[in-house]
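Worksheet for the structure shown next.
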Amino acid sequence: MSTDVNVTLTVNGERVSRRVEARCHLIDFLRLDLGLMGSHTGCEHGICGACTVRVDGAIVRGCLVLAASLDGAQVETIEGVSDSGEIRDLQDAFIARNACQCGYCTPGMLLTAADLLKSNPRPTREQIREHLAGNYCRCTGYHAIVDAVETVAVRRNGKAAP
Amino acid sequence: MKAPPFSYVRAASLADAFKLWSAAGPEAKLLAGGQSLLATLAFRLSEPSALIDISRVPELTGISQAGNAIRVGAGTTHAELGRHELIHRHVPLLAEAVPLIAHPAVRNRGTIGGSLAFADPAAELPACCMALDAVVIARSARAERRIAAAQFFTGLYATALGAGELIAAVEFPLARAGERSTILELVRRSGDYAMAGVAARAKVSGNTLAEPRLVFFGVGDRPVAAKRAMAAASGKPVTVETVAAAQAALDGDLEPPADQHGSPQVKRHLARVLLARALKRIAGVEEARAA
């Protein structure tokens, strides 16, 4: 057994092989080893949601997953879903509603909001709040964030936005 | 903070896991979903020499019906539990509990086996297992044994698992006809650990409860079956008087310690409020009539 582990995984569609420290969590791996600085490091113990990324299509806390455990996994970060255009409408709505403010929580908020709209295309405001409850905004701009997500849900359902 | 250094190895099978665990020695820990373990390592609350990753052990996966029980593999994530058809149909209390556990990103990784082995006294699933009379299937390299949920939780973050034993699965009896259940908790923010909570189950005819099971969490060093309150509510229609009698009896069931959420008196009050709501909800009694 070793404190260093070889992993090969796919990050934003690109195959990546690295030797990582066993204790290195996914978010440090993405930011420090791969230079993908879009996902943010916040509390580092699973509370704040700033490090939310996707592993095999499901959102996770990047600080509560070891990079060493992800051999063979598909990881997607804010860079990947931005480049693909998948969340363009969410990003536009966050800007239009001034839901970014300092921007620290935004990548995690966007991935969590995208996750909600995938499983529940017509969420109520209460359901939006509930799904985003694990993502902290220290600017406290929650109202604008919920507005932005609601706007996108309505638009995707083919109605004029409120 | 960053976790202290440790080594890491991934088990490919249950036999492999026991072999690696034994070779790694007593300072090694098992890693399942990691949603509690990795947070505690970040705080450096423990410094394991090695983590044995059991998240890809095929024998620990899957939800299936086995006779009169639903068998849930220990590696089942909360998210899988919450969307599985067998759980919704036969163990609805678990389906109701899942949205109360942490947040979506945590539910995608955290496992039922991990939650039970960690045994946080404010967690939902340990209390649900007791309310449902679940059986924990413990495995060691040599043997398997069945532990009733009521005997499994032995103290603060302590369980009946012995050295070299892991949770392989949990078995839940199928809900019987006429049975109702619910889980209620009080939290400051959605997804937090509960200030107080209750998992409740009973056979209901009219508004009378038979053999109610009332298990409180967040009010002791482990989930607490409220035996006196259960006796007070058993076989009686859920009326104002029955609720008041059960609430009075509940005081004898609980010895809540003070914590960051409040004093023992606050905890007792919250538990009484939850008890009333749970009894009314499973009996289908309107709040206005019984309150």
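Computed packing ranks the peptides B:230-243, B:255-268 as B:230-243, B:255-268, most packed first, by mean other Cβ atoms within 10 Å. The distance linking the range B:87-125 with the range A:51-116 is 24 Å (Cα centroid to Cα centroid, whole angstrom).
Convex hull volume of the C-alpha atoms in the range B:179-290, normalised per residue: 93 Å³.
Peptide A:56-65 has a mean of 6 when you count, residue by residue, the C-beta atoms of other protein chains within 10 Å of its C-beta. When a/c reaches 1.5 or more, the comparison of a/b and b/c decides; with that in mind, is chain B rounded, prolate or oblate per its Cα gyration tensor? Taking the square roots of the gyration eigenvalues as a ≥ b ≥ c, chain B is prolate.
Of all DSSP-defined beta bridges confined to chain B, some 85% are antiparallel rather than parallel. Summing charges over neighbours of B:Glu124, with a neighbour being any other residue whose Cβ is under 12 Å away from its Cβ, gives -3 when K and R count +1 and D and E count -1.
Of all the options B:Pro104, B:Pro223, B:Pro92, the one that moves most in a Gaussian network model of chain B with Cα springs shorter than 10 angstrom is B:Pro104. Charge dipole (Cα centre; +1 on Lys/Arg Cβ, -1 on Asp/Glu Cβ; no other charges) of chain B amounts to roughly 260 debye. Along the axis of the charge dipole computed for the range A:44-162 (Cβ charges of +1 for Lys and Arg, -1 for Asp and Glu, origin at the Cα centre), the listed residues A:Ala68, A:Ile78, A:Gln91 are led at the positive end by A:Gln91. List the trypsin sites (Lys or Arg not before Pro) within the range B:130-199 that fall in a DSSP loop (any state other than H, G, I, E or B) and whose Cβ has at most 11 other Cβ atoms within 10 Å. Passing both the DSSP loop test and the Cβ count: B:Arg142, B:Arg176, B:Arg188, B:Arg189.
Only helices enter this figure: runs of n ≥ 4 DSSP H residues, each worth -39500 (n - 2.57), summed and divided by the residues of chain B, yield -9000 deg cm²/dmol at 222 nm to the nearest 500. What residue among B:Ala258, B:Ile63, B:Val198 has its Cα farthest toward the positive end of the dipole of the protein assembly as shown, where the charges are +1 on Lys, Arg and -1 on Asp, Glu, each on the Cβ? Comparing the listed Cα positions along the dipole, B:Val198 ranks first. Here is the tail figure for the protein assembly as shown: Cα pairs spaced more than 42 Å apart come to 18 percent of all pairs.
Shielding of peptide B:262-275 by partners, expressed as the average count of other chain Cβ atoms within 10 Å per residue Cβ, is 0. Scalar couplings 3J(HN,Hα) for the range A:27-34, obtained by applying the Karplus form with A = 6.51, B = -1.76, C = 1.60 to θ = phi - 60°, are 5, 5, 4, 5, 7, 8, 7, 9 Hz; x denotes Gly and Pro. Give the percent of DSSP beta bridges with both residues in the range B:1-119 that are antiparallel, rounded to the nearest 5. Beta bridges within the range B:1-119, antiparallel portion: roughly 40 percent. Let's test the formula: R0 of 25 Å, r as the Cβ-Cβ distance of A:Arg155 and A:Asn120. What FRET efficiency results, to the nearest 0.05? The calculated FRET efficiency here is 0.95.
Computed from the C-beta positions of B:Asp16 and A:Arg138 and an R0 of 51 Å, the FRET efficiency is 0.70 to the nearest 0.05. Summarising the amide proton neighbourhood of B:Glu255: residues at separation of 5 or more, or on other chains, whose placed amide H is nearer than 5 Å comprise an empty set. Listed by chain and number, the lysines whose C-alpha is less than 17 Å from the C-alpha of B:Lys227, apart from same-chain residues fewer than 8 away, are B:Lys203, B:Lys236. Highest GNM mean-square fluctuation among B:Ala177, B:Ala149, B:Ala245, for chain B modelled with Cα contacts below 10 Å: B:Ala177.
Using the alpha carbons alone, the radius of gyration of the range A:1-160 stands to its Kirkwood radius in an Rg to Rh ratio of 1.00. The modelled label-to-label distance between B:Ala66 and B:Asp259, using points 7 Å beyond Cα along the C-beta direction, is 3.1 nm. Here the residues B:His90, A:His25, ranked from fewest to most Cβ neighbours within 10 Å of their Cβ, fall in the order B:His90, A:His25. Between B:Leu30 and B:Ile52, the built amide H atoms are under 5 Å apart, and every one of these is 5 or more places off in sequence or on another chain.
Sparse packing (at most 11 other Cβ atoms within 10 Å of the Cβ) combined with a DSSP loop state is found for the following trypsin sites (Lys or Arg not before Pro) in the range A:98-162: A:Lys159. Only Lys, Arg, Asp and Glu carry charge here, each on its Cβ (+1 for the first two, -1 for the last two); on that basis the range A:87-156 has a dipole of about 80 debye about its Cα centre. Shielding by partners for peptide A:67-79, expressed as the average number of C-beta atoms from other protein chains within 10 Å of each residue's C-beta, is 2. Every helix of 4 or more DSSP H residues in chain A counts as -39500 (n - 2.57), and over all residues that averages to -9500 deg cm²/dmol at 222 nm.
Couplings 3J(HN,Hα) for the range B:209-222, derived from phi with the Karplus relation 6.51 cos²θ - 1.76 cosθ + 1.60 (θ = phi - 60°), are 9, 10, 6, x, 10, 10, 10, 9, 10, x, 10, x, 8, 7 Hz, where x marks Gly and Pro.
Phi angles of the range A:61-69 translate, via the Karplus equation with coefficients 6.51, -1.76, 1.60 and θ = phi - 60°, into HN-Hα couplings of 7, x, 8, 10, 10, 7, 4, 4, 8 Hz per residue; Gly and Pro are given as x. In nanometres, what is the gap between the two model label sites at B:Phe43 and B:Ala177, each 7 Å from Cα along Cα-to-Cβ? Placing both labels 7 Å beyond Cα along the Cβ direction yields 4.9 nm.
For the protein assembly as shown, the Cβ-based charge dipole about the Cα centre amounts to some 820 debye (Lys, Arg positive; Asp, Glu negative; other atoms uncharged).
Note on chain B: GNM, Cα springs under 10 Å; of B:Val198, B:Val187, B:Val72, the largest mean-square fluctuation is that of B:Val187.
Shown is the FRET efficiency for A:Asn6 and A:Glu86, computed with R0 = 41 Å from the Cβ-Cβ distance and rounded to the nearest 0.05: 0.85.
Within the same chain, lysines fewer than 8 places from B:Lys19 are excluded, and of the rest, those with a Cα less than 26 Å from its Cα are B:Lys29. Neighbours of A:Gly13, meaning other residues whose beta-carbon lies under 11 angstrom from its beta-carbon, give a summed charge of -3 when Lys and Arg score +1 and Asp and Glu score -1.
Could you tell me whether the range B:104-220 comes out rounded, prolate or oblate from its Cα gyration tensor? Rule is a ≥ b ≥ c as square roots of the eigenvalues, rounded for a/c under 1.5, then prolate if a/b exceeds b/c, otherwise oblate. Oblate shape, in that a/c is at least 1.5 and b/c is the bigger or equal ratio. Each Lys or Arg adds one and each Asp or Glu subtracts one; over the other residues with Cβ under 15 Å from the Cβ of B:Ala210, this totals +3.
Any read-out appearing in this document is the output of simple, stated calculations on the displayed coordinates, not a laboratory observation. In this text the structure is predicted, and so the values were computed from the model without any measurement. Cβ atoms come from the backbone with ideal geometry, glycine included; neighbour counts cover every protein chain shown.
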